[in-house]
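Each remark here refers to the structure printed beneath this line.
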Amino acid sequence: MGRYISDKNKKIKKEKKNTKILILFVAIVIIFSIIISIRKNNVKGSDNQANEINIAFSYLKEGNSDKINEYIDYNQLIDSFDEIILQEPSQNSKDVQKMLFDKLSWNIKNMEVQDEKVIATIEVTNKDFKNIITKWMQNLVEKKENEKAIDNELAMAELKDVLNQESEMKTTTETVILKKENEKWKIEMNDNFVNLVFPGIDIIQQLLNS
(Lines give C-alpha, C1' and ligand atoms only; values in the text may rest on other atoms or scores of the structure.)
Protein backbone atom coordinates (compact mmCIF):
# COMPACT_ATOMS: atom_id res chain seq x y z
CA MET A 1 0.00 0.00 0.00
CA GLY A 2 2.76 2.42 1.00
CA ARG A 3 4.64 1.63 -2.17
CA TYR A 4 1.46 2.30 -4.23
CA ILE A 5 1.01 5.74 -2.60
CA SER A 6 4.67 6.54 -3.15
CA ASP A 7 4.44 5.64 -6.85
CA LYS A 8 1.25 7.70 -7.14
CA ASN A 9 2.94 10.73 -5.58
CA LYS A 10 5.87 10.38 -7.92
CA LYS A 11 3.48 10.25 -10.86
CA ILE A 12 1.65 13.37 -9.67
CA LYS A 13 4.96 15.23 -9.18
CA LYS A 14 6.10 14.18 -12.64
CA GLU A 15 2.84 15.39 -14.18
CA LYS A 16 3.14 18.75 -12.36
CA LYS A 17 6.72 19.09 -13.55
CA ASN A 18 5.70 18.34 -17.13
CA THR A 19 2.83 20.87 -16.83
CA LYS A 20 5.24 23.56 -15.60
CA ILE A 21 7.64 22.82 -18.45
CA LEU A 22 4.77 23.06 -20.95
CA ILE A 23 3.55 26.37 -19.47
CA LEU A 24 7.10 27.76 -19.54
CA PHE A 25 7.53 26.66 -23.15
CA VAL A 26 4.23 28.26 -24.20
CA ALA A 27 5.18 31.49 -22.38
CA ILE A 28 8.57 31.61 -24.15
CA VAL A 29 6.89 31.08 -27.54
CA ILE A 30 4.39 33.88 -26.83
CA ILE A 31 7.09 36.31 -25.66
CA PHE A 32 9.28 35.45 -28.64
CA SER A 33 6.34 36.04 -31.01
CA ILE A 34 5.62 39.43 -29.41
CA ILE A 35 9.29 40.49 -29.73
CA ILE A 36 9.37 39.50 -33.41
CA SER A 37 6.10 41.37 -34.02
CA ILE A 38 7.41 44.52 -32.32
CA ARG A 39 10.66 44.37 -34.27
CA LYS A 40 8.80 43.95 -37.54
CA ASN A 41 6.50 46.87 -36.75
CA ASN A 42 9.43 49.08 -35.77
CA VAL A 43 11.30 48.25 -38.96
CA LYS A 44 8.20 48.84 -41.05
CA GLY A 45 7.50 52.09 -39.22
CA SER A 46 11.04 53.38 -39.58
CA ASP A 47 11.53 52.34 -43.20
CA ASN A 48 9.21 55.10 -44.37
CA GLN A 49 11.00 57.80 -42.38
CA ALA A 50 14.43 56.53 -43.45
CA ASN A 51 13.28 56.71 -47.06
CA GLU A 52 12.17 60.33 -46.55
CA ILE A 53 15.59 61.21 -45.09
CA ASN A 54 17.38 59.58 -48.02
CA ILE A 55 15.19 61.45 -50.51
CA ALA A 56 15.82 64.76 -48.70
CA PHE A 57 19.59 64.32 -48.70
CA SER A 58 19.56 63.17 -52.34
CA TYR A 59 17.74 66.35 -53.41
CA LEU A 60 20.12 68.40 -51.27
CA LYS A 61 23.13 66.83 -52.99
CA GLU A 62 21.59 67.38 -56.43
CA GLY A 63 20.82 71.01 -55.60
CA ASN A 64 17.18 70.44 -56.47
CA SER A 65 15.75 73.46 -54.63
CA ASP A 66 12.22 72.88 -55.96
CA LYS A 67 11.87 69.35 -54.57
CA ILE A 68 13.97 69.78 -51.45
CA ASN A 69 11.46 72.17 -49.85
CA GLU A 70 9.07 69.26 -49.42
CA TYR A 71 11.52 67.75 -46.92
CA ILE A 72 13.70 70.63 -45.68
CA ASP A 73 13.22 74.39 -45.38
CA TYR A 74 15.93 75.02 -47.98
CA ASN A 75 15.69 78.81 -47.93
CA GLN A 76 16.19 78.86 -44.16
CA LEU A 77 19.18 76.53 -44.53
CA ILE A 78 20.84 78.77 -47.13
CA ASP A 79 19.98 81.89 -45.10
CA SER A 80 21.79 80.38 -42.11
CA PHE A 81 24.91 79.99 -44.27
CA ASP A 82 24.59 83.51 -45.74
CA GLU A 83 24.31 84.97 -42.23
CA ILE A 84 27.66 83.43 -41.28
CA ILE A 85 29.49 84.63 -44.40
CA LEU A 86 27.64 87.97 -44.27
CA GLN A 87 26.80 87.99 -47.96
CA GLU A 88 23.69 88.75 -49.96
CA PRO A 89 22.50 86.56 -52.87
CA SER A 90 24.26 87.38 -56.16
CA GLN A 91 24.64 86.07 -59.70
CA ASN A 92 27.07 83.48 -58.36
CA SER A 93 24.72 82.35 -55.58
CA LYS A 94 23.08 79.51 -57.49
CA ASP A 95 26.44 78.04 -58.49
CA VAL A 96 27.72 78.40 -54.94
CA GLN A 97 24.62 76.71 -53.51
CA LYS A 98 25.05 73.68 -55.77
CA MET A 99 28.70 73.36 -54.76
CA LEU A 100 27.88 73.40 -51.04
CA PHE A 101 26.51 69.86 -51.13
CA ASP A 102 27.82 68.23 -54.33
CA LYS A 103 30.16 65.92 -52.34
CA LEU A 104 27.63 65.12 -49.63
CA SER A 105 27.30 61.57 -48.32
CA TRP A 106 25.30 60.30 -45.35
CA ASN A 107 24.50 57.28 -43.22
CA ILE A 108 21.49 56.88 -40.92
CA LYS A 109 22.94 55.40 -37.73
CA ASN A 110 19.81 55.14 -35.59
CA MET A 111 16.13 56.06 -35.61
CA GLU A 112 13.53 56.35 -32.86
CA VAL A 113 9.91 56.73 -33.98
CA GLN A 114 7.65 58.57 -31.51
CA ASP A 115 4.13 58.99 -32.92
CA GLU A 116 4.31 62.24 -34.92
CA LYS A 117 8.04 62.75 -34.34
CA VAL A 118 11.18 60.90 -35.35
CA ILE A 119 14.59 61.32 -33.71
CA ALA A 120 17.32 60.26 -36.13
CA THR A 121 21.08 60.04 -35.60
CA ILE A 122 22.77 60.74 -38.92
CA GLU A 123 26.43 60.68 -39.93
CA VAL A 124 27.28 63.11 -42.73
CA THR A 125 30.49 63.63 -44.68
CA ASN A 126 30.87 66.88 -46.58
CA LYS A 127 33.44 69.54 -47.37
CA ASP A 128 35.16 70.99 -44.30
CA PHE A 129 33.55 74.41 -44.03
CA LYS A 130 35.94 75.59 -41.36
CA ASN A 131 38.75 75.31 -43.93
CA ILE A 132 36.62 76.71 -46.74
CA ILE A 133 35.48 79.84 -44.91
CA THR A 134 38.93 80.41 -43.35
CA LYS A 135 40.64 80.21 -46.76
CA TRP A 136 37.95 82.36 -48.36
CA MET A 137 38.37 85.09 -45.72
CA GLN A 138 42.16 85.00 -46.12
CA ASN A 139 41.80 85.44 -49.89
CA LEU A 140 39.48 88.42 -49.40
CA VAL A 141 41.94 90.03 -46.98
CA GLU A 142 44.75 89.60 -49.53
CA LYS A 143 42.65 91.20 -52.24
CA LYS A 144 41.77 94.06 -49.91
CA GLU A 145 45.45 94.59 -49.10
CA ASN A 146 46.08 94.85 -52.83
CA GLU A 147 43.58 97.72 -52.82
CA LYS A 148 40.90 95.76 -54.64
CA ALA A 149 37.34 96.79 -53.94
CA ILE A 150 35.49 93.83 -52.44
CA ASP A 151 31.85 93.89 -53.45
CA ASN A 152 29.32 91.12 -52.91
CA GLU A 153 29.74 89.74 -56.43
CA LEU A 154 33.52 89.40 -56.09
CA ALA A 155 33.20 87.84 -52.64
CA MET A 156 30.80 85.19 -53.93
CA ALA A 157 32.98 84.52 -56.97
CA GLU A 158 35.93 83.99 -54.64
CA LEU A 159 33.87 81.61 -52.50
CA LYS A 160 32.96 79.67 -55.61
CA ASP A 161 36.66 79.26 -56.46
CA VAL A 162 37.50 78.06 -52.94
CA LEU A 163 34.63 75.56 -52.97
CA ASN A 164 35.86 74.26 -56.31
CA GLN A 165 39.46 73.86 -55.09
CA GLU A 166 38.99 72.66 -51.51
CA SER A 167 39.06 68.86 -51.28
CA GLU A 168 39.36 68.19 -47.53
CA MET A 169 36.29 66.43 -46.13
CA LYS A 170 34.91 66.24 -42.61
CA THR A 171 32.53 63.75 -41.00
CA THR A 172 30.00 64.84 -38.39
CA THR A 173 27.29 62.99 -36.49
CA GLU A 174 24.24 64.81 -35.16
CA THR A 175 20.74 64.03 -33.95
CA VAL A 176 17.99 65.58 -36.05
CA ILE A 177 14.22 65.67 -35.67
CA LEU A 178 11.59 64.91 -38.28
CA LYS A 179 7.97 66.00 -37.90
CA LYS A 180 4.98 65.09 -40.01
CA GLU A 181 3.62 67.90 -42.18
CA ASN A 182 0.91 67.28 -44.77
CA GLU A 183 1.50 63.52 -44.66
CA LYS A 184 5.26 63.98 -45.26
CA TRP A 185 8.13 63.71 -42.82
CA LYS A 186 10.02 67.02 -42.82
CA ILE A 187 13.41 67.60 -41.20
CA GLU A 188 13.29 70.29 -38.52
CA MET A 189 15.67 73.14 -39.26
CA ASN A 190 17.89 73.86 -36.24
CA ASP A 191 21.56 74.27 -35.30
CA ASN A 192 22.08 70.51 -35.25
CA PHE A 193 21.04 70.15 -38.87
CA VAL A 194 23.05 73.19 -40.00
CA ASN A 195 26.16 71.83 -38.25
CA LEU A 196 25.48 68.41 -39.78
CA VAL A 197 25.38 69.47 -43.44
CA PHE A 198 28.02 72.21 -43.01
CA PRO A 199 30.70 70.30 -41.03
CA GLY A 200 33.05 72.65 -39.19
CA ILE A 201 30.86 75.72 -39.59
CA ASP A 202 30.07 75.71 -35.86
CA ILE A 203 33.75 76.54 -35.17
CA ILE A 204 33.53 79.58 -37.45
CA GLN A 205 30.30 80.60 -35.73
CA GLN A 206 31.96 80.37 -32.31
CA LEU A 207 34.90 82.49 -33.51
CA LEU A 208 32.57 85.14 -34.92
CA ASN A 209 30.58 85.27 -31.69
CA SER A 210 33.62 85.44 -29.40
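The values are calculated or read from the model by the stated rules, or taken from the named source; none is laboratory data. Just so you know, these numbers come straight off a predicted model, no measurement behind them. Note that each Cβ is placed from the backbone with ideal geometry, even for glycine, and that neighbours are counted across all protein chains shown.
Which of the residues belonging to segment 151-195 are closer than 27 Å to residue 137 by Cα and aliphatic (A, V, I, L, M)?
The answer is 154, 155, 156, 157, 159, 162, 163, 169, 189, 194.
Counting residues that are within 11 Å of the chain's Cα centre (by Cα), which helices (runs of 4 or more DSSP H) fully inside segment 106-210 reach at least 1?
The helices (runs of 4 or more DSSP H) meeting that bar are 191-197.
Count, please, the residues in segment 123-179 that happen to be in contact (Cβ under 8 Å) with a residue 60 or more places away in the chain and among the hydroxyl-bearing types (Ser, Thr, Tyr).
Residues in segment 123-179 being in contact (Cβ under 8 Å) with a residue 60 or more places away in the chain and among the hydroxyl-bearing types (Ser, Thr, Tyr): 3 in total.
Can you pull out every residue in segment 94-116 that is at pLDDT below 80 and either touching a Ser or Thr at 6+ places or on another chain (Cβ under 9 Å) or surrounded by 18 or more Cβ atoms within 10 Å (Cβ to Cβ) (or both)?
94
Of all residues in segment 83-93 being surrounded by fewer than 16 Cβ atoms within 10 Å (Cβ to Cβ) and of a type outside the set (S, T, N, Q), which is modelled with the lowest pLDDT?
Out of the qualifying residues, it is 89.
Residue check: is residue 129 crowded, with 18+ Cβ neighbours inside 10 Å and in contact with a Gly (Cβ under 6 Å, 6 or more places away or on another chain)?
Answer is yes for this residue.
Within segment 96-125, how many residues are of a type in the set (D, E, K, R) and closer than 14 Å to residue 169 by Cβ?
Summing the residues that are of a type in the set (D, E, K, R) and closer than 14 Å to residue 169 by Cβ in segment 96-125 gives 3.
Residue under question is residue 95, and the condition is that it be part of a helix (DSSP H, G or I) and in contact with a Lys or Arg (Cβ under 6 Å, 6 or more places away or on another chain); does it hold?
yes
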